[in-house]
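For reference, the structure is listed below as structure tokens.
The values are calculated or read from the model by the stated rules, or taken from the named source; none is laboratory data. Because the structure is a prediction, the values reported are computed rather than measured. Every residue, glycine among them, receives a Cβ derived from its backbone with ideal geometry; neighbour counts consider all protein chains shown.
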Amino acid sequence: MVDMLQVFASRYRESHAGRTGNHVNDFTLDYRELLKAAGAESAEDRINGEALLRHAVAASQGELSLDAHPRDENLILRVRLSREGGEAWLFQHLGETSPTQHRKQLADLFEEYQARVITETSQAQWRAWCLHLAGQARLGGSILPFKREDAHEITRELLDVLIQILQWNGDSLIRFASCVICNDSKRLKMLQPRLEVALYQITQGSVQSLADCGILENPRHVILHGKLRLQFQDGELNLGLLRAPTWISEEDIHRAAGLHCEITRVLTVENETTFLELAKLNQDTLLIQTSYPNRAVLALLEKLPASLDVYHFGDTDPAGFDILRDLRERSGREITPLHMVYQPDESSAALTREEKNLLQRLLDNPNMADCHEVLQAIIQNGRRGKFEQEALGLPTAGRWPFYT
């Protein structure tokens, strides 16, 4: 049986009056729209649904009414809920929390949490953020990343998790942190998008990710290969003695008192497979494997001598050039593209709308002016082409620049 009153209440809850409590007139809903929303398609559904609706009208003592056609009282035009006491009666009748009560409960919850102790550096920001959310909740404004339809248990969970993230010390992988904070190794990953929006809001942009709080997707390290020596207080690490690439942590890069290079240039390589092939050559180039650079990669680039030329060898799809842009902007170094020439291929995938938009942003970026010709070629062809580094095959030269 169709519960028309339940559907009407849902529409009221979604309306401006229901969301904000700010309305000067009665709330009305076209009866035909109500029938459609309730899925009252058959004659039996309409008759039974209308009977229940008329019963509710009779029980409401004027808070709920039906606007009928002036010449036919059986032809319903609109369902009307009184501005003054209609909401309270409707949701009490249904045994549900009214929107007004829900807004108050939500605001009270945010006000309760503003008094929680965080850290000395975050306390004022946390308090201001919670009070802002409380004000928004009372007015029916935006409370992102929270959702009004969330159960209060979900809102409490997010707030409790945020407190622990803001108090997190050191670096840990996200699954470990999730076990400690949520008693569930996967929960933190599920909540991550909403948590990162909240962290950005709380800190006014100074913290933008879980990683900024020390909760990491992967260890902060750089994979590299070449003749590089790291000087520490208690000794030296000579990477030139190693035949295969190695991982160096961000912490060790910062801890190194100095770097000594027996190289003539630096080459960052997007794909690990190509990086490993180049590393077999054991030549005078320092190889760094990186897509969008993490903090360890950026720390190493910052510590390397400014006199070294830096090149980037990446895929030639839009994302590959965006990685080059990101490397340039975040490292602050001049980085020259290597072998990043567009190769048309009519059998390759057509550019998506997102890729076309990305290419236009790259063309508009002054840091990518030297790549305009190849970016325009990709746009004009409309396809990704042979974009993967591996399409060049095995390195054909034993020394720079590896491919003829």
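Summary table
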read-out	value
In region 314-346, the residues that are surrounded by fewer than 16 Cβ atoms within 10 Å (Cβ to Cβ) and within 11 Å of Ile378 (Cα to Cα)	Val341, Gln343, Pro344, Asp345
Filter pass, Arg175 being within 26 Å of Arg19 (Cβ to Cβ) and of a type in the set (D, E, K, R)	no
All helices (runs of 4 or more DSSP H) inside region 160-271 with 2 or more residues being among the basic types (Lys, Arg)	187-202
Filter pass, Phe110 being at pLDDT 95 or above and over 30 Å from Glu250 (Cβ atoms)	yes
Residues being surrounded by fewer than 14 Cβ atoms within 10 Å (Cβ to Cβ) and of a type outside the set (Lys, Arg) - total across region 37-84	19
Qualifying residues in region 311-355 (those that are free of Cβ contacts under 8 Å to residues at least 24 places away in the same chain and part of a helix (DSSP H, G or I)) - the one nearest to Leu301 (Cα to Cα)	Glu354
Residue, farthest from Ile143 (Cα to Cα), within region 4-26, restricted to residues that are surrounded by 15 or more Cβ atoms within 10 Å (Cβ to Cβ) and more than 37 Å from the chain's Cα centre (by Cα)	Met4
Residue among Ser98, Ser82 that alone is without any contact (Cβ under 8 Å) to a residue 24 or more places away in the chain and more than 31 Å from the chain's Cα centre (by Cα)	Ser98
Residue list for region 294-312, filter: of a type in the set (Ser, Thr, Tyr) and touching a Pro at 6+ places or on another chain (Cβ under 8 Å)	Tyr311
Of the criteria (1) of a type outside the set (D, E, K, R); (2) more than 18 Å from Gln101 (Cβ to Cβ); (3) not in a helix (DSSP H, G or I), which one Asn22 fails	(2)
Residue match in region 360-367 (condition: in contact with a strand residue (DSSP E or B) (Cβ under 8 Å, 6 or more places away or on another chain), closer than 26 Å to Gln380 by Cβ and surrounded by fewer than 14 Cβ atoms within 10 Å (Cβ to Cβ))	no
Checking Val269 against (1) in contact with a Pro (Cβ under 8 Å, 6 or more places away or on another chain); (2) of a type in the set (A, V, I, L, M); (3) in contact (Cβ under 8 Å) with a residue 60 or more places away in the chain, the condition it does not meet	(1)
Odd one out for Gln380 among (1) over 28 Å from the mean Cα position of the chain (by Cα); (2) part of a helix (DSSP H, G or I); (3) touching a residue at least 12 places away in the same chain (Cβ under 8 Å)	(3)
Residue within region 299-310 that is closer than 30 Å to Ala377 by Cα and buried (at least 18 other Cβ atoms within 10 Å of the Cβ) present	yes
Failed item in (1) closer than 29 Å to Asn271 by Cβ; (2) surrounded by fewer than 17 Cβ atoms within 10 Å (Cβ to Cβ), with Gly235 passing the rest	(1)
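Every residue, every condition in (1) farther than 22 Å from Ala397 by Cβ; (2) not hydrophobic (A, V, I, L, M, F, W, C), yes or no:
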{"position": "Arg220", "(1), (2)": "yes, yes"}
{"position": "Thr246", "(1), (2)": "yes, yes"}
{"position": "Gln283", "(1), (2)": "no, yes"}
{"position": "Leu298", "(1), (2)": "yes, no"}
